[in-house]
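The values are calculated or read from the model by the stated rules, or taken from the named source; none is laboratory data. For clarity, every value in this text was computed on a predicted model and none was experimentally measured. We place every Cβ from the backbone using ideal geometry, glycine too, and count neighbours over all the protein chains shown. Calculation scope for accessible area: heavy atoms of the full protein, side chains included, ligands and nucleic acids excluded. Shrake-Rupley method; radii C 1.70, N 1.55, O 1.52, S 1.80 Å.
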Amino acid sequence: QVQLVESGGGLVQPGGSLRLSCAASGSSFVVYAMGWYRQAPGKQRELVAAIAGFGRTNYADSVKRRFTISRDNAKNTVYLQMNSLKPEDTAVYYCNRHDSSSELLRPGQYWGQGTQVTVSS
């Protein structure tokens, strides 16, 4: 059974920064690409960023040059550094394990519980 546990969300002012973390249980973490997704009220869940097992990345256009995804395979953890946050970044952010090491577009079956990010003054 795979468990994904997110942390690091909260309330931040526009222009501020947050770092999200997602700790994954189970073995062979490096075998799977990992993704961060978000869902705002009334909107569909969307891919924010994904990272392959050995580091290739993919970003949504709306977060390029502001967000950085990274992973520590020794710690089974994936991170999302979010800078220059905007009110439109407000959403619940979810971690997902993709189905292969190179899959950077489609989510797999395992989701975390989500962490709320609110950008407001």
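Here are the numbers for this structure:
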| quantity | calculated |
| --- | --- |
| Under Karplus coefficients 6.51, -1.76 and 1.60, residue-wise ³J(HN,Hα) of region 35-43 in Hz, glycine/proline x | x, 10, 10, 9, 9, 8, x, x, 10 |
| Cα centroid separation - region 1-18 against region 54-121, whole Å | 10 |
| Accessible area per residue in Å² at 1.4 Å probe, computed on the chain | 52 |
| Spin-label model distance (nm) - VAL31 vs SER17, 7 Å beyond Cα toward Cβ | 3.5 |
| Low-density loop cleavage sites - chymotrypsin sites (Phe, Trp or Tyr not before Pro) in region 17-121, where at most 12 other Cβ are within 10 Å (DSSP) | PHE54 |
| Magnitude of the charge dipole, the chain, Cβ model with Lys/Arg +1 and Asp/Glu -1, debye to 20 | 160 |
| In sequence order, calculated HN-Hα J values of region 76-93 (Karplus, 6.51, -1.76, 1.60; Hz; x Gly/Pro) | 6, 10, 10, 10, 9, 8, 10, 10, 6, 5, 10, x, 6, 7, 4, 4, 8, 9 |
| Share of carbon and sulfur in the accessible heavy-atom surface of the chain [1.4 Å probe, %] | 47 |
